[in-house]
Amino acid sequence: MITRRVLAALAGLLLAAVSLTPVQAGGRDSGALRHTTLGTIRGNAHSWLGIPYAEPPVGALRWRAPVTHRPWKGVRDTTAYGNGCIQQGRLFSPAPSGPHYGLDIRDGLGKPVGAEDCLTLNVYRPATRQQKLPVIVFIHGGSNVVGYSADPMYDGNALARRANAVVVTVNYRLGSFGWLDLPQLKTGDPVNDSGNFGTLDQIEALRFVHRNAAAFGGDPSNVTAMGESAGAVNVWALLVSPLAKGLIDKVIPLSGGLLFSTPARARTYADALVTAAVGNSGNPDEDVRRLRQLPAADVIRAQVTRGAAVGDPPAVIADGTVLPADYHAAISTGAFAGIPVLAGNTLEEGKLFGALVGAYRPSDYERFTRQYFFNPDRPSPYGVRDFISDAYLPADAPGGWNDAAQQLTDAIFTGIVHDSMNSMLAAGNRNLYYYQFGWNQEPAPFDVVYGASHAMDLPFVFGTFDEGVFAFAFSRRNAPGRLQLSGLMMDGIATFVRTGRPQHRVLGSRWDQWPRSLVLDAGDRAATARPGSVTP
């Protein structure tokens, strides 16, 4: 199948062939050459991939605050994505064979995938000569334990074109590599000793963007941090972090809110991880020394072992230095009242988390395989019962799948978003906007199995429908409506990053401030945007 990415690459080659400058005629694309504070890079026509922003966090730099990458000499190639960070393989993880989406993702499920040397970012810009464009820095989700910036769902080319903005996607340390609070790791530096290594990676990436936005035609004085799920939790954390002051002008947190781990919980987990990884010799210093020397894959295996008992590692730690010990108190000072916020939820977030309540019938391996090979333009070989357990059927009956998913939606997602928005409102912020995403036009049975599930809005935000975890959802039949809805959403982002308000003329409806909402939806033929409200 010829994907949008392949077509874009062919178009780029054709453009280069018909518009060669003297430098390009010699085999070099001068338009892809950029001079950064770390050195010169050469990317693709309008994208630069795998740019290292920090030294590899390996060896002595494991569980240390990121160190700005040393400058390089000559021209560095930035035409391929960098590794995803080491993680336990899940549905939204990179393939074991590298930072790409493919069938072999299923072969990495539950196993260590990615690499410890992973602190890179990607930059996309529109094919124009415009300068001082707004900059959007996207932080991927994945419970802060999985995910990678090379996921095709996060390809920034379409968003950069439609929003006429510079788009940056970031890798950051995950899981027990990203957040670990052990006394034996402390150096006396409060920043390093916070345990918030993944958060510090994101701040270092923002610093790179601030220093180098102009090199890609971006405006360092207009940077919007955008993230989804755990990425939204991270965006909210960056908003209140004193270390990120002056690096963020607006935020777009999607399906996530302020949710910090306590130092006590983080410490309890870290102590148990050491035991799971290297045992307990009775000498904590020696045990942590051995932990530091373990291969990264063995640390992940210990994380998986520990996770079977208590869940994922605590992330985003309220340490009091990198992040405030009390985010409500920090917001109540009014220090962030001038930062516009565009938040959102999907209406059926919980339908992506059926495993939490035993609702999914097939294993993740089987589910991924069926969805990977599903052809949305042919009659479905599956029914709802092939994916959802009998205990939750009929789906629309009391206590069925729809009810169970709504309980998950309310318990996990909408509450923390509303709490975060209400805190900002009480502190005097009058630039708060909120949407609810309702698209559920997938071919059967996925319209019931997933519907407007968690993360289903991301292909619409990025305009990436051709490849990725959700490709099964997008058919020729639903193309007119979903493409129109995607355009409305990207246009709202384009307006927001310029003005602090998402209202634009094509919406056809007024987008009032929180606690009002705009419900974004589409049928097969056309998109809709209608006013809504929430219980704040």
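Derivation of every value follows stated rules applied to the coordinates shown; laboratory data play no part. Remember, predicted model here, so these are calculated numbers, not experimental data. Note that each Cβ is placed from the backbone with ideal geometry, even for glycine, and that neighbours are counted across all protein chains shown.
Here is how the numbers come out for the structure above:
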{"quantity": "Charge sum, other residues only, whose C-beta stays under 10 Å from residue 321's C-beta, Lys/Arg counted +1 and Asp/Glu -1", "calculated": "-3"}
{"quantity": "Candidate lysines for bridging to residue 245, where Cα separation is under 22 Å - those fewer than 8 sequence places away on the same chain excluded", "calculated": "132"}
{"quantity": "Average Cα contact separation per residue, the chain, under 8 Å, 6 or more apart, as relative contact order %", "calculated": "13 percent"}
{"quantity": "Charge tally in the Cβ shell below 11 Å around residue 451, where Lys, Arg are +1 and Asp, Glu are -1, residue 451 excluded", "calculated": "-3"}
{"quantity": "Cα gyration tensor category, rounded, prolate or oblate, for region 341-533 with a/c compared to 1.5", "calculated": "oblate"}
{"quantity": "Radius 11 Å from Cβ of residue 344, net charge of other residues (Lys, Arg +1; Asp, Glu -1)", "calculated": "-3"}
{"quantity": "Relative contact order for region 341-533, counting Cα pairs under 8 Å that sit 6 or more residues apart, in percent", "calculated": "27 percent"}
{"quantity": "Kyte-Doolittle mean at least 1.6, axial Cα span of 18 Å or more - DSSP H helices of the chain", "calculated": "4-18"}
{"quantity": "Sparsely packed trypsin sites (Lys or Arg not before Pro) within region 477-516, loop by DSSP, other Cβ within 10 Å at most 14", "calculated": "477, 510"}
{"quantity": "Net length gained if the chain between residue 337 and residue 289 were fully extended (0.36 nm per residue, minus Cα distance)", "calculated": "12.8 nm"}
{"quantity": "Residue 385-residue 33 FRET efficiency (beta carbon distance; Förster radius 51 Å; 0.05 resolution)", "calculated": "0.35"}
{"quantity": "Mean projection area, nm², convex hull over Cα of the chain", "calculated": "24.3 nm²"}
